[in-house]
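A.B. asks: This is the structure, below, for whatever I ask next.
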Amino acid sequence: MFRRLHEPDGQSVSIDFEGEIINVAAGETVAAAVLAAGAEHSRTTPVTGATRLPFCMMGACFDCLMEIDGIPNRQACMVRVENGMKVRRQEGKRRLEA
Amino acid sequence: MSDTVDFLIIGGGPAGLAAATLADELGLSTLVLDEQSEPGGQIYRGIETVHPKTLSLLGEDYGQGAEIAQAFRKSGAAYKPDASVWRVDEDGMVAYSHNGKGATAKGRRLLIATGAMERPVPIPGWTLPGVMTAGGAQVLLKSAGVVPSGRVVVAGCGPLALLVTQQLVTAGVNVAALLETTRIGDYFSAARHLPKALRARNYLSKGMKMRRSIRAAGVAIHSGVEKLAAIGDNRVQSVSFQSGGSQSEIPVDSLLLHFGVAPNTQITRQVGCDHEWYEAQRYWRPIRNEWGATNCDAIAVAGDGGGIDGAVAAALTGRLAALDAAHRHGVIDSVERDRRATPIRAELGIHSAIRPLLDALFTPPRDICAPKDNETIVCRCEEVSVSDLREAITLGAMGPNQLKSFTRCGMGPCQGRMCGLTVAELIAEANGEPVENVGYYRIRPPIKPVTLGELASMSD
Ligand code: FES
C-alpha cells in the first residue's frame, strides 16, 4: 500500500506496533511509520467498527487516532516516533474517563 | 508558566515565519507556537530535513521555503514546536499542549496563521482505507519519503491535484489516471479571461505544461469527470466515475482525492472572529482589514487561514500583520508602516491577480459540496450519512448546531472540521436559502483533545 523511496539513512529507531518490532526513520510521524509498515488499518470506528487509515495527514480528520504508549486517542499524524514507543490500533470507543 | 510577548504567532508556515522574522527585526519580542515539529507549515513541510533525493523531485516552488525557514531561524524570534493550541482568548491568551504538558502564552498582539486544510470530499467510499487526500500523500512524501505502492489514481480539481500527480510520477509511482472534474473547455474559456499580468499567463502555461508532462509519462487524463465513487469492502479496490457520457471503473490500490483547500477556521471561530462566506470557492473566511486585523481587538489573521491565496501571498500578508503590530506597539508610526507596506502590497497585487482565474477554473463541483447519494458518509467520526441528515432537516433541524444535536453529526473528535462545510450546504440546498444564512457550528474549546493530565500540569 505504501513504500519508502529510500531506506531511513541516518538514524532509525524501532517501535512496537501491535507486538511487532519495526524499524522506522527517526523524526517521522507515527502515522507515516505505520503506513510504511503496510498496516491495513490503524483504527476501527466507535459506531460501526469500520476500519480506517490516516486520511489527511495534517491533524484535521482525526482518522489516525491510535493508542500510543498507553494513551488512547492520540493523533498519529501529529506524534513523532521515539525509540521503544508502543503503538496500538485504536479499537472502537475510548473508555470513558471518570 | 505563561510567557507574555509583544507578538504571539500561532502557526509556523510561510505567513507565521515571515511575520515573526520581520517583527523580530522591528524589535518586538516574538514567539511562534507551531503544531508541527519544524518550521514550514504544510506547504513547506519537512523543508529543513527533507531527503536530498526527495527534494529534487518536489520542484522549485517547494525549495523556496528553505529561504523563509532560514531567515526565521537566523532571527531572534522564539520558536516552540510541537505546540498544539487548544484554546484562544480574545485578549491574546493562548493555552496549548507541549510534550504532554499544558502551558499558556500571551501575546499583546496575536497573529493566527493556521493556514488551510483540504476541502472535505464526501463521495461514496471516501472513508475506506486506501483513500487519502492528495495533500496527505504529499505530506508523506515531503516528511517521510513514503509513497503509495501499487496502482494509484488521483481525482479532483485544483493546482495541488496536478502537482501531486507530477511529483508522484517523478518519484516512480504508478499513477494510472488523473480524473479531473474540470472540463477541458474550462481551460480554454479561462485562458480567454486571462488577467493582463504576465505572471498569470506564466502560471497557466506552467499548469498546461505540467498536464502535458503527466500525460507523456503515461498517465491517462480524464476531464469533466462526474459521479466519483470509491469501491471496496475493507479497503478501496476500484474507483468508478462518469466522463463524456460513459461509465468507467479503474482498479486501484490507492485513491488520492483533492478538491481545493479552505481556510482552517477552527481557532478564529472559537475565539469569536466574524466570518464571511466566499461564494467563488464556497468556504468561510474570517473578515479582516488590509492589515489582517479582525473584529477581535488583539487579533489578526495572515496567510491562507484568512482566504486562499497561496504560499507566496501568505508570507506577504504575514509581513503586513507584523508591520501593523509594530505600529500598534508604538515602534513605528503610521507613515513608516505605510511606507514599508507599499512594496509588499505591490507584490501581493501581482500574486493575487491569478486568483479569480483559479477560482473560476477550479470551482468545487456541486455534488462534492452537497452530495446527492444517500448512503454517502458526511461525518467521518460519527458515521452520519446524507440520508440521516436529510431526514433530520425534514424533521425541522434549523441549522448546523441543531442538526448536530439531532444526529451527532460534528460531535466527534474532529469537531466538524470534516463535515461543517457539507452540512451547511445540505441545509442550504434543502431549505432553498443561501449558505451564509445557514451558518456554521459553534466552536468551543478545547479545539484539540486535551488530557486531564495536561490540564492538571497547568496549575503546577
Ligand atoms: S490523518 Fe487526519 S488527523 Fe491525522
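The values are calculated or read from the model by the stated rules, or taken from the named source; none is laboratory data. Small disclaimer: the values here were computed from a predicted structure and weren't measured. Positions of Cβ are backbone-derived with ideal geometry, glycine not excepted, and every protein chain shown enters the neighbour counts. Accessible surface areas use protein heavy atoms only, side chains included; no ligands, DNA or RNA. Shrake-Rupley method; radii C 1.70, N 1.55, O 1.52, S 1.80 Å.
A.B. asks: Among the residues of segment A:40-48, are any within 9 Å of the ligand (Cβ to nearest atom), under 19 Å from B:GLY125 (Cβ atoms) and free of Cβ contacts under 8 Å to residues at least 24 places away in the same chain?
C.D. replies: no
A.B. asks: Restrict the check to segment B:413-420 and report whether at least one residue is farther than 25 Å from B:ASP34 by Cβ, touching a Phe, Trp or Tyr at 6+ places or on another chain (Cβ under 8 Å) and crowded, with 21+ Cβ neighbours inside 10 Å.
C.D. replies: At the first step, the residues of segment B:413-420 found to be farther than 25 Å from B:ASP34 by Cβ are B:419.
Next, from what is left, pick out any that are touching a Phe, Trp or Tyr at 6+ places or on another chain (Cβ under 8 Å): none.
No, that holds for no residue.
A.B. asks: Next question, about the same structure. Return only the number of the condition from (1) more than 30 Å from B:MET93 (Cβ to Cβ); (2) within 13 Å of chain A (Cβ to nearest Cβ) that B:GLU60 does not satisfy.
C.D. replies: (2)
A.B. asks: B:ASN374 is checked against (1) more than 14 Å from chain A (Cβ to nearest Cβ); (2) under 21 Å from B:ALA428 (Cα atoms); (3) surrounded by 15 or more Cβ atoms within 10 Å (Cβ to Cβ) and fails just one. What number does that condition carry?
C.D. replies: (3)
A.B. asks: Something else: So in segment A:76-91, with the set limited to residues that are within 12 Å of another protein chain (Cβ to nearest Cβ) and touching a Pro at 6+ places or on another chain (Cβ under 8 Å), which one is farthest from the ligand (Cβ to nearest atom)?
C.D. replies: Across segment A:76-91, the extreme among qualifying residues is A:GLN90.
Residue-by-condition table, conditions (1) open to solvent by 30 Å² or more (accessible area, probe 1.4 Å); (2) part of a helix (DSSP H, G or I); (3) closer than 19 Å to B:GLN281 by Cβ:
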| residue | (1), (2), (3) |
| --- | --- |
| B:SER387 | yes, yes, no |
| B:GLU391 | yes, yes, no |
| B:CYS409 | no, no, no |
| B:THR422 | no, yes, yes |
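A.B. asks: Are any of the residues in segment B:93-116 crowded, with 23+ Cβ neighbours inside 10 Å, within 30 Å of B:ALA216 (Cα to Cα), within 12 Å of chain A (Cβ to nearest Cβ) and not aliphatic (A, V, I, L, M)?
C.D. replies: no
A.B. asks: Counting only residues that are open to solvent by less than 30 Å² (accessible area, probe 1.4 Å), facing another protein chain (nearest Cβ under 8 Å) and in a loop (DSSP other than H, G, I, E, B), which one in segment A:41-53 is nearest to B:GLY130 (Cα to Cα)?
C.D. replies: Across segment A:41-53, the extreme among qualifying residues is A:LEU53.
A.B. asks: Here is a list: B:VAL261, B:VAL271. Which entry is among the hydrophobic types (A, V, I, L, M, F, W, C), at pLDDT 95 or above and open to solvent by 30 Å² or more (accessible area, probe 1.4 Å)? Before you say what the answer is, go through the steps one by one.
C.D. replies: Numbers: B:VAL271 fails: open to solvent by 30 Å² or more (accessible area, probe 1.4 Å).
Residue meeting the stated conditions: B:VAL261.
A.B. asks: Listed residues A:VAL30, A:VAL24; which is open to solvent by less than 50 Å² (accessible area, probe 1.4 Å) and away from the ligand (no atom under 16 Å from the Cβ)?
C.D. replies: None of the other options fit; the residue is A:VAL24.
A.B. asks: Moving on. Does segment A:50-72 contain at least one residue that is farther than 28 Å from B:GLY12 by Cβ and among the β-branched types (Val, Ile, Thr)?
C.D. replies: yes
A.B. asks: Which one of the conditions (1) under 23 Å from the mean Cα position of the chain (by Cα); (2) away from chain A (no Cβ under 12 Å); (3) closer than 30 Å to B:ALA103 by Cα does B:SER457 fail to meet, given that it meets all the rest?
C.D. replies: The number of the failed condition is (1).
A.B. asks: Now for a separate question. Restricting segment A:7-21 to residues that are of a type outside the set (Gly, Ala, Ser), open to solvent by less than 50 Å² (accessible area, probe 1.4 Å) and outside any loop (DSSP other than H, G, I, E, B), which is farthest from A:LEU53 (Cα to Cα)? Lay out the reasoning, then the answer.
C.D. replies: Of segment A:7-21, the ones of a type outside the set (Gly, Ala, Ser) are A:7-9, A:11, A:13, A:15-18, A:20-21.
Right, trim to open to solvent by less than 50 Å² (accessible area, probe 1.4 Å) and you get A:8, A:13, A:15-17.
Right, trim to outside any loop (DSSP other than H, G, I, E, B) and you get A:13, A:15-17.
On the way: A:VAL13: 22, A:ILE15: 18, A:ASP16: 18, A:PHE17: 14 Å.
Out of the qualifying residues, it is A:VAL13.
A.B. asks: Please go through segment A:54-73 and give me each residue that is under 9 Å from the mean Cα position of the chain (by Cα) and either assigned to a strand (DSSP E or B) or more than 6 Å from the ligand (Cβ to nearest atom) (or both), ordered by number.
C.D. replies: The initial filter retains those residues of segment A:54-73 that are under 9 Å from the mean Cα position of the chain (by Cα), namely A:54, A:64-68.
Selection gives A:LEU65, A:MET66, A:GLU67, A:ILE68.
A.B. asks: For A:ARG4, work out the one condition from (1) surrounded by 13 or more Cβ atoms within 10 Å (Cβ to Cβ); (2) away from the ligand (no atom under 16 Å from the Cβ); (3) charged (D, E, K, R); (4) over 22 Å from B:TYR44 (Cα atoms) it doesn't fulfil.
C.D. replies: Of everything listed in (1) surrounded by 13 or more Cβ atoms within 10 Å (Cβ to Cβ); (2) away from the ligand (no atom under 16 Å from the Cβ); (3) charged (D, E, K, R); (4) over 22 Å from B:TYR44 (Cα atoms), A:ARG4 misses just condition (4).
A.B. asks: Given the conditions (1) away from chain A (no Cβ under 11 Å); (2) farther than 23 Å from B:GLN281 by Cα; (3) in contact with a Leu (Cβ under 9 Å, 6 or more places away or on another chain); (4) modelled with pLDDT of 95 or more, report the number of the one that B:ILE123 does not fulfil.
C.D. replies: Going through (1) away from chain A (no Cβ under 11 Å); (2) farther than 23 Å from B:GLN281 by Cα; (3) in contact with a Leu (Cβ under 9 Å, 6 or more places away or on another chain); (4) modelled with pLDDT of 95 or more one by one, B:ILE123 breaks only (2).
A.B. asks: Look at segment B:136-180 and say how many of its residues are open to solvent by less than 10 Å² (accessible area, probe 1.4 Å), at the interface with chain A (Cβ under 7 Å from one of its Cβ atoms) and of a type outside the set (A, V, I, L, M, F, W, C).
C.D. replies: Total satisfying the criteria: 3.
A.B. asks: Can you tell me which of (1) in contact with a helix residue (DSSP H, G or I) (Cβ under 7 Å, 6 or more places away or on another chain); (2) surrounded by fewer than 17 Cβ atoms within 10 Å (Cβ to Cβ) is the one B:PRO81 doesn't meet?
C.D. replies: All conditions pass for B:PRO81, except number (1).
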